[in-house]
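To start, the structure under review is shown below, and the notes come after it.
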Amino acid sequence: MSQTRPIDEHSMHTRTCGELRFENVGEEVTLTGWVSRRRDHGGLIFCDLRDREGITQLTFDPEHSDGDAFKIAETMRPEWPIKIHGVVRARGEETTNTKLATGEIEVLTDHAEVLNTSVTPPFQIEDGIETSEDTRLRYRYLDLRRPEMMANLKLRSDFTFAIREALHNREFMEVETPSLFKSTPEGARDFIVPSRIQPGNFYALPQSPQLLKQLLMVGGVERYYQVAKCFRDEDLRADRQPEFTQVDIEMSFVDQNDVMSALEEVLSDAFGRMGVEMPTPLRRMNYWDAMDTYGSDKPDTRYGMHLVDLTDIFANSKFKVFATAANEEGSVVKAINAKGAGAWARAKIDKLAGVASTFGAKGLAWIAFREDGSINSPIVKFFSDEEMAALRERMDVEPGDLVMFAAGPRLLSDEILGGMRSHMANALEIKREGHDFLWVVNFPLFHWDEDRKAYAAEHQPFTLPTETDIAKIEADPLAAGSCTYDFVMDGFEAGGGGMRIHNAEMQMSMLKLLGFTEERAESQFGFLMEALEFGAPPMGGFALGLQNGNAHRVAGEDAVIFAVEVLFRVLHGEHDALRVLCKRFSRHAGIGVLLVDDGGNAELLCGANDGAADVTAGADANIRLKRLDDALGLDRRGEQAEHGFDVAADVLRR
């Protein structure tokens, strides 16, 4: 008899539905779970019993144990929770189910007890269903019973535990940071929480524990981590929900190589526990090398189709679009070669312009080199024989190839071709074998925000510039690099981090370059600036995403690692299981909300204590931001209105 598992202790069952094997034949067992399928074969009833661990077939025989269990089985229906007792027996060779881990055995049942009944579920509780996502989300508690969903939750649990153990074994200290904090600009809008004790004031839910973990380093923690909930008020995307989880890590008295090497050990250990080998040390690819070669700062290097620079070839071209880009500083002419796509029909190739537009292109220039040796393209008439010969050689052109171009600013051209590279790899079903782990390092320190007409931090305003580029910060900010590193797996950004500025004077200079006045910097980051003056050590950190929407990173045949199904997703509708929405609040909830009507009349509804009426988010009151500012006594030109109360106003308006 196999050893009793902890899950079978202090429980109604003595075994789970996923653990019985041929060696358990003859063992008396008690099982619990839900009726997955019931098949009445006249003389016998077969039932598939499902719990979180798997499925076991039950057999009910009217000649066994006076038929008591059989009589109950006649009444059972799908998703009824039951408890049974019986004996494990071997299935015949012809009835063995090789698709089930328990397929060699069944349980001959002598006692059955119905623990509850169930209405008919809105969809089949099994893998591979084609039910709409909205329906699955509305009945998420039923969706979770499906084996693939339960496997996802277990995967997430196992990987999180593996990461925790790997960090603990390297003397990292788990520290929780507050969920209610002040609003600080971190790249997205804040979720705000009104303060009942201080009416008119709001907390912000953390977009990340960034500033707090820097304070922990000043405090001497030295090696910190936490599995942190983060909140960002962003539009819903496939890879981002309003709340998400990350493993947050910070180290002090380190340089960049120390942090990256320590993280490689942690990640390799955790991946290894999940059955995925991650050889170390990892490759380190410069940001611009990644962009110029793969068109992405999270490149999948498991296949080719590299971006090729053709700028010099078309410097004197009669094709004006290429010639202009080739002679304009900061612009390029580049191309990729999608081998095999040159045989596509013209109509299919023409549709690629629409795909390119999603990556920022205004059109798509292309040349199809047909398999019969002919050339099809609307632009080749502008090319000289010398240009065509040089193009063929540099792009390694063969019959059946499709060459696609981008001409214009370097970064935009890289991004367009990088997007097309990924699209064509999928369209051509190019195989990606094994895993591809690497670091992308030395991201730009700044980018130009065209909307604001100002410099913006590429990562965050606390990132340390590379030592060799400090002099460039004022002379040519866009040329300055940063001490940053993103962890890339199979073409996805799985995590990222960087070294922090630990000098108060440098931090203030950085904020000023980003458009902060000294007063505004003091108001928002005064606590950090003050801390940096008390002997802040060199520090750097990292954040590893544990979920990105409901996508999966796949390891061979197994769904592995970061992005597991979001448990209860927040939707703009009525279809999520827990109704986690901006909806009607009962007066008994004690929630304080400020409403301002068209006339500028402000009313602070403080819940049960004032006997206020129910408050409906999205009520008919049309909130005017300027009226709200008046009610709160805010100056919209000030930093609080800009970064904190804009969000509050928007929430109240909704």
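Here are some notes:
- Residue that is least open to solvent (accessible area, probe 1.4 Å) [pool: residues in region 91-106 that are within 30 Å of residue 140 (Cβ to Cβ) and in contact (Cβ under 8 Å) with a residue 60 or more places away in the chain]: 102
- The number of residues in region 313-352 being open to solvent by less than 10 Å² (accessible area, probe 1.4 Å) and touching a Pro at 6+ places or on another chain (Cβ under 9 Å) comes to 2.
- Restricting 267, 310, 236 to residues that are farther than 22 Å from residue 440 by Cβ, among the hydrophobic types (A, V, I, L, M, F, W, C) and touching a Phe, Trp or Tyr at 6+ places or on another chain (Cβ under 9 Å) narrows the list to 310.
- Count of residues meeting criterion [under 32 Å from the mean Cα position of the chain (by Cα) and either in contact (Cβ under 8 Å) with a residue 24 or more places away in the chain or under 21 Å from residue 323 (Cα atoms) (or both)] in region 354-396: 9
- Within region 146-180, the set of residues being open to solvent by 60 Å² or more (accessible area, probe 1.4 Å) and not in a helix (DSSP H, G or I) comprises 169, 170, 171, 173, 174, 176, 178, 179, 180.
- Filter result (among the acidic types (Asp, Glu) and either open to solvent by 60 Å² or more (accessible area, probe 1.4 Å) or part of a helix (DSSP H, G or I) (or both)) within region 398-413: 398
- Taking first residues from region 212-239 that are within 20 Å of residue 165 (Cα to Cα) and open to solvent by 30 Å² or more (accessible area, probe 1.4 Å) and partners that are at pLDDT below 95 and part of a strand (DSSP E or B), the Cβ contacts under 9 Å between residues at least 6 apart in sequence or on separate chains come to 227/245; 227/246; 229/243; 229/244; 229/245; 229/246.
- Complete set of residues in region 353-366 that are under 12 Å from residue 406 (Cα atoms), surrounded by 15 or more Cβ atoms within 10 Å (Cβ to Cβ) and of a type outside the set (Phe, Trp, Tyr): 353, 356, 360, 361, 364, 365
- Residue match in region 414-434 (condition: at pLDDT 95 or above, buried (at least 18 other Cβ atoms within 10 Å of the Cβ) and more than 30 Å from residue 489 (Cβ to Cβ)): no
- Selection from region 280-311 of residues that are small (Gly, Ala, Ser) and out of contact with any Leu (no Cβ under 8 Å at 6 or more places or on another chain): 290, 296, 304
- Matching entry among 301, 324 (being under 22 Å from residue 389 (Cα atoms) and at pLDDT 95 or above): 324
- Within region 483-494, being closer than 24 Å to residue 252 by Cβ and modelled with pLDDT under 95 holds for one residue alone: 494.
- Residues that are over 22 Å from residue 81 (Cβ atoms) and in contact with a strand residue (DSSP E or B) (Cβ under 6 Å, 6 or more places away or on another chain) were ranked within region 23-41; the one that is surrounded by the most Cβ atoms within 10 Å (Cβ to Cβ) is 24.
- Exactly one residue out of 521, 457, 480, 494 is of a type in the set (Gly, Ala, Ser), in contact with a Pro (Cβ under 7 Å, 6 or more places away or on another chain) and buried (at least 18 other Cβ atoms within 10 Å of the Cβ), and it is 480.
- Scanning region 133-164 for residues that are over 18 Å from residue 266 (Cα atoms), within 20 Å of the chain's Cα centre (by Cα) and not small (Gly, Ala, Ser) yields 133, 134, 136, 137, 140, 144, 148, 149, 150, 152, 153, 154.
- Residue satisfying all of: in region 42-75; touching a Phe, Trp or Tyr at 6+ places or on another chain (Cβ under 9 Å) and aliphatic (A, V, I, L, M); surrounded by the fewest Cβ atoms within 10 Å (Cβ to Cβ) among these: 44
- The set of residues in region 497-518 that are surrounded by fewer than 19 Cβ atoms within 10 Å (Cβ to Cβ) and outside any loop (DSSP other than H, G, I, E, B) comprises 504, 505, 506, 508, 509, 512, 513, 518.
- Odd one out for residue 206, checked against (1) within 25 Å of residue 521 (Cα to Cα); (2) under 20 Å from the mean Cα position of the chain (by Cα); (3) not in a loop (DSSP other than H, G, I, E, B): (3)
- Any hit, region 276-298, residues being at pLDDT below 95 and crowded, with 17+ Cβ neighbours inside 10 Å: yes
- Put simply, of 205, 212 the only residue that is touching a Ser or Thr at 6+ places or on another chain (Cβ under 8 Å) and either among the acidic types (Asp, Glu) or within 13 Å of residue 176 (Cβ to Cβ) (or both) is 212.
- Any chance residue 136 is basic (Lys, Arg), free of Cβ contacts under 8 Å to residues at least 24 places away in the same chain and surrounded by 19 or more Cβ atoms within 10 Å (Cβ to Cβ): yes
- Subset tally (residues that are closer than 19 Å to residue 301 by Cα and not aliphatic (A, V, I, L, M)) for region 374-395: 0
- Summed over region 183-203, the residues that are in a loop (DSSP other than H, G, I, E, B), touching a residue at least 40 places away in the same chain (Cβ under 8 Å) and either open to solvent by 50 Å² or more (accessible area, probe 1.4 Å) or within 19 Å of residue 457 (Cα to Cα) (or both) give a count of 10.
- Note on region 499-535: residues that are of a type in the set (S, T, N, Q), under 25 Å from residue 441 (Cα atoms) and under 31 Å from the mean Cα position of the chain (by Cα) amount to 1.
- Any hit, region 281-292, residues being touching a residue at least 12 places away in the same chain (Cβ under 8 Å) and over 28 Å from residue 538 (Cβ atoms): yes
The values are calculated or read from the model by the stated rules, or taken from the named source; none is laboratory data. Note that the coordinates shown come from a computational prediction; the quantities given were computed from them, not determined experimentally. Using ideal geometry, Cβ is built from the backbone for each residue, glycine included, and neighbour counts are taken over all protein chains shown. What goes into the accessible areas is simple: the full protein's heavy atoms, side chains included, and nothing from ligands, DNA or RNA. Shrake-Rupley method; radii C 1.70, N 1.55, O 1.52, S 1.80 Å.
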